[in-house]
1. Would you confirm whether any residue within the stretch 164-185 is without any contact (Cβ under 8 Å) to a residue 24 or more places away in the chain and in the same structural domain as LYS107 (by the TED database)?
2. Could you list all residues from the stretch 93-109 that are buried (at least 16 other Cβ atoms within 10 Å of the Cβ) and not hydrophobic (A, V, I, L, M, F, W, C)?
3. Are any residues in the stretch 110-155 of a type in the set (Ser, Thr, Tyr), open to solvent by less than 60 Å² (accessible area, probe 1.4 Å) and either out of contact with any helix residue (DSSP H, G or I) (no Cβ under 8 Å at 6 or more places or on another chain) or farther than 27 Å from PHE70 by Cα (or both), and if so, which ones?
4. For the stretch 84-105, indicate whether the set of residues that are in a strand (DSSP E or B) and not β-branched (Val, Ile, Thr) is non-empty.
Amino acid sequence: MNPKQLACVILMMFIGCVTYFAQIVHKKVGVMKKSADMAQQDAVAAEGARQASEILTARTKAETEEIRRFLQSWTPHVDKAQTEQEVESTIEFSLRERGISLVRSRKTEVKISRENKVIPKSVLTTVVIEDEYAKVLNWLGDVEKRLPLARVKTCRITGGSSARQLRMDVSFETPLINLASEPAAAAKTKKKA
């Protein structure tokens, strides 16, 4: 083989290697371009999903504004009575402050609800008092002011032992609310998922 032929073979091998590496680089560039295009499409889709979520969040905030304000205004009242002892002491303090001394009977019992996680317990208080008309009714108003979440279940008013006195048999239920628990509907949804 003469030197011209050898140089031609070496040049052909060099051109073949360059062409081979150029094809490999071209394929890699093509894969990278596809990957970049897919990443860009994913970014556009993610941005659209973020905007949709932002719109949904803003709409939900607007729809629940009234409920959140309501909850915020009632949270201090919920925090006032968290245990049975706090409910009893509130009633006792109210009786003492209003000067009602003739309490015929007072009974407190706790009701437990396993289904409702927001209101797991409620305190049922039954009080029979007899005193002056104004004192008794003002006491009931005071209890409603101190325990605004309490619900009067029964209230029977009759005449007392004298003309100026009034006998009141009242039974009211005070829920002990747990705001930290998740609502039952959300819990059911999570269980199904």
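1. Of all residues in the stretch 164-185, those without any contact (Cβ under 8 Å) to a residue 24 or more places away in the chain come to 180, 185.
Right, trim to in the same structural domain as LYS107 (by the TED database) and you get none.
No, the stretch 164-185 has no match at all.
2. Scanning the stretch 93-109 gives SER94, ARG98.
3. Pass one, the stretch 110-155, residues of a type in the set (Ser, Thr, Tyr): 113, 122, 125-126, 133, 154.
Now drop any that are not open to solvent by less than 60 Å² (accessible area, probe 1.4 Å), which leaves 113, 122, 125-126.
Scanning the stretch 110-155 gives SER113, SER122, THR126.
4. Our first condition is that a residue be in a strand (DSSP E or B); within the stretch 84-105, this holds for 103-105.
Within this subset, residues satisfying the condition of being not β-branched (Val, Ile, Thr) are 104-105.
Scanning the stretch 84-105, I find at least one residue that is in a strand (DSSP E or B) and not β-branched (Val, Ile, Thr), so the answer is yes.
The values are calculated or read from the model by the stated rules, or taken from the named source; none is laboratory data. Here the structure is a predicted model, which is why all the values come from computation and not from measurement. Heads up, the Cβs are rebuilt from the backbone with ideal geometry, glycines too, and the neighbour counts pull from every protein chain shown. Only protein heavy atoms, including side chains, enter the accessible area calculation; ligands, DNA and RNA are left aside. Shrake-Rupley method; radii C 1.70, N 1.55, O 1.52, S 1.80 Å.
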